[in-house]
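Below: the structure, in structure tokens.
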Amino acid sequence: MWLLGGLLFVGMGEFNAVATWLESILDHFGRGSAAGYLIAIMTAAGVAGAAVLPQVVAARERRRTLLLAALLMLSAIALGGVPLALRLPATASASMPQPE
């Protein structure tokens, strides 16, 4: 039960962090207005996934397979996102106001 609680804590923390910081991060790239739409898409995808996936997985008794697939997908996204983020142009930070 503690493991499940810990996973929920991390998942909610990640969502809240993204929802909180997404607009300010996208502002640096001139796309701050897209943050609301992206958060809405994330929320709708989470609600749809939570409503549909449990019944499908439970009916086929593939809980472990789904968890492993989700872990592999998230790991691939995270590992692929780091090199992508490192390749972003340095000009985005040049437009930020510098402290005096």
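Charge tally around Ala35: other residues with Cβ under 14 Å, Lys/Arg +1 each, Asp/Glu -1 each, net -1. Mind listing the phi-derived Karplus ³J(HN,Hα) values for the stretch 58-75, rounded to whole Hz, using 6.51, -1.76 and 1.60 with θ = phi - 60°, and x for any glycine or proline? Couplings: 5, 5, 9, 6, 10, 4, 5, 5, 5, 4, 5, 5, 5, 5, 5, 5, 5, 5 Hz.
For the pair Arg62 and Met42, a Förster radius of 25 Å applied to the C-beta separation gives a FRET efficiency near 0.50, rounded to the nearest 0.05.
Computed from the coordinates by the stated procedures, all read-outs in this text should not be read as laboratory data. Every value quoted in this text rests on a predicted model; they were computed, and no experiment measured them. When we count neighbours, we look across all protein chains shown, and the Cβ atoms used for this are built from the backbone with ideal geometry, even at glycine.
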